[in-house]
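The structure appears right after this line, and notes come after that.
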Amino acid sequence: MRYAALAALLCCALAPAQTRDPYAAPRRALIAELQAEARGDAGSLTRIDSDVLVVMGRVPRHLYVPKDELAHAYENRPLAIGHGQTISQPYIVALMTTLVQPRAGQRILEIGTGSGYQAAVLAESGASVHSIEIIEPLAAQAAQRLRGYRNVVTRTGDGYYGWKDAAPFDSIIVTAAASSIPPPLLAQLKPGGRLVIPVGSSFFTQTLLLVQKDAQGRVRTRQILPVRFVPLTGGH
Ligand code: SAH
C-alpha cells in the first residue's frame, strides 16, 4: 500500500501537464487505494484486473456526480445521485467490470444507467455498450454525459426485459438488485457470455452473482460477495 501511495506521489510530481485538472490527484489516489485492495491471489473471484484500474483512471468520476457531492467524487463509496438512486462505490465498479471482462468490439448490456459512470468505464474499455435506465430524468442526464462516446447507446425503459433488438450480448451487467435472475436477460446472453447481477432481498444485503453461459447454453452461477444495491424496480 505504501508503494502504491509512493507511486501515486511520484506520478503527481512528474506530470505537471495534468495539474490543470484539479481532480487528477484525488483520482490517482483513489486508483492507488483500489490497487491496494485489489491484490487477491490470481484465481480469486474478488480480484480486480489492473487493466480495469487503468481505464478507471481515465474516467472523470466527478463529471458523473451531482454538484453537492463534488468534494466526495473520488472517495471509495457510493454517492446519492437524486431520485433515491446512487452511483456505485468505485471498488464495486472495478470488481463488476473485472467480472464482465469488457473487450474491444464486444457487445455489453447494462441495466441501470444511473449516473452513466459504469457505462463510461465499459465504453473506455472499447466495448459497445447498450444501457437502459427506468427513471426518465436520470436517463436523460446520463445520455447527455455520455454523448461523447460513440460506442454507447442509452434508452429509457424497464431493463428487466433486456434490449431484444440489440441482443445477443457478450456480457450483461445489472447495477440494481433483483429478487431473482430475470429470464429475458439470460435469454439475451450469448453462449460463452457472462452476466453479473446482485440478487437478493431489496431490504437487506444481496449476493453479487457471476452467471456464465457455456457454449452448449448450460448456466453456471457463482457467488462473489455480499453487496448492497438499490432495488430493480418496474412492473415485472
Ligand atoms: N450503474 C449506475 C448505478 C446506478 S444505481 C452508475 O454507474 O451510476 C441503479 C440504477 O438502476 C438506478 O438509476 C435505478 O433507477 C435503475 N433501475 C432500477 N430498476 C431498473 C429497471 N427495471 N430498469 C432499468 N433501470 C433500473
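Is it fair to say Ser115 is open to solvent by 10 Å² or more (accessible area, probe 1.4 Å), of a type in the set (Ser, Thr, Tyr) and in contact with a helix residue (DSSP H, G or I) (Cβ under 7 Å, 6 or more places away or on another chain)? I'd like the intermediate steps shown before the answer.
Values: open to solvent by 10 Å² or more (accessible area, probe 1.4 Å): no; of a type in the set (Ser, Thr, Tyr): yes; in contact with a helix residue (DSSP H, G or I) (Cβ under 7 Å, 6 or more places away or on another chain): yes.
No; evaluated as a whole, the condition is false for this residue.
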When the stretch 56-92 is checked residue by residue, the ones that are under 20 Å from Gly126 (Cβ atoms) and either touching a strand residue (DSSP E or B) at 6+ places or on another chain (Cβ under 8 Å) or assigned to a loop (DSSP other than H, G, I, E, B) (or both) are Gly57, Arg58, Val59, Pro60, Arg61, Tyr64
By residue number, the members of the stretch 115-161 that are in a loop (DSSP other than H, G, I, E, B) and either more than 10 Å from the ligand (Cβ to nearest atom) or of a type in the set (D, E, K, R) (or both) are Ser125, Gly126, Ala127, Leu146, Arg147, Gly148, Tyr149, Arg150, Asn151, Asp158
Of the listed residues (Pro168, Pro184, Pro191, Pro231), the one being within 16 Å of the ligand (Cβ to nearest atom), touching a strand residue (DSSP E or B) at 6+ places or on another chain (Cβ under 9 Å) and either under 23 Å from Arg107 (Cβ atoms) or touching a residue at least 40 places away in the same chain (Cβ under 8 Å) (or both) is Pro231
Restricting the stretch 128-142 to residues that are surrounded by fewer than 24 Cβ atoms within 10 Å (Cβ to Cβ) and among the hydrophobic types (A, V, I, L, M, F, W, C), the one nearest to the chain's Cα centre (by Cα) turns out to be Ile132
Kindly indicate whether any position in the stretch 149-157 is open to solvent by less than 10 Å² (accessible area, probe 1.4 Å), at pLDDT 95 or above and touching a strand residue (DSSP E or B) at 6+ places or on another chain (Cβ under 7 Å).
no
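So that you can scan it fast, the table gives a plain yes or no per residue for (1) acidic (Asp, Glu); (2) surrounded by fewer than 16 Cβ atoms within 10 Å (Cβ to Cβ):
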| residue | (1), (2) |
| --- | --- |
| Arg58 | no, yes |
| His62 | no, no |
| Val65 | no, no |
| Gln85 | no, no |
| Arg103 | no, yes |
| Ala119 | no, no |
| Glu124 | yes, no |
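Of the residues Gly112, Gly84, only one is under 13 Å from the mean Cα position of the chain (by Cα) and on the phi > 0 side of the Ramachandran plot; which? Can you show your working first?
On the way: Gly84 fails: under 13 Å from the mean Cα position of the chain (by Cα).
Result: Gly112 is the single residue among Gly112, Gly84 that is under 13 Å from the mean Cα position of the chain (by Cα) and on the phi > 0 side of the Ramachandran plot.
Only one of Leu95, Leu109, Leu53, Leu30 is in a helix (DSSP H, G or I), under 17 Å from Ala177 (Cα atoms) and either within 12 Å of the ligand (Cβ to nearest atom) or modelled with pLDDT of 95 or more (or both); which?
Numbers: Leu109 fails: in a helix (DSSP H, G or I); Leu53 fails: under 17 Å from Ala177 (Cα atoms); Leu30 fails: under 17 Å from Ala177 (Cα atoms).
Every option except Leu95 fails the conditions.
Considering only residues that are touching a Pro at 6+ places or on another chain (Cβ under 6 Å) and on the phi < 0 side of the Ramachandran plot, which ones fall in the stretch 131-175?
Tyr160, Tyr161, listed by residue number.
The values are calculated or read from the model by the stated rules, or taken from the named source; none is laboratory data. Just so it is clear, the structure is predicted and the values come from calculations on it, not from any experiment. As a convention, Cβ positions derive from the backbone with ideal geometry for all residues, glycine included, and neighbour counts pool all protein chains shown. In case anyone asks, the SASA skips ligands and DNA or RNA and just uses the protein heavy atoms, side chains included. Shrake-Rupley method; radii C 1.70, N 1.55, O 1.52, S 1.80 Å.
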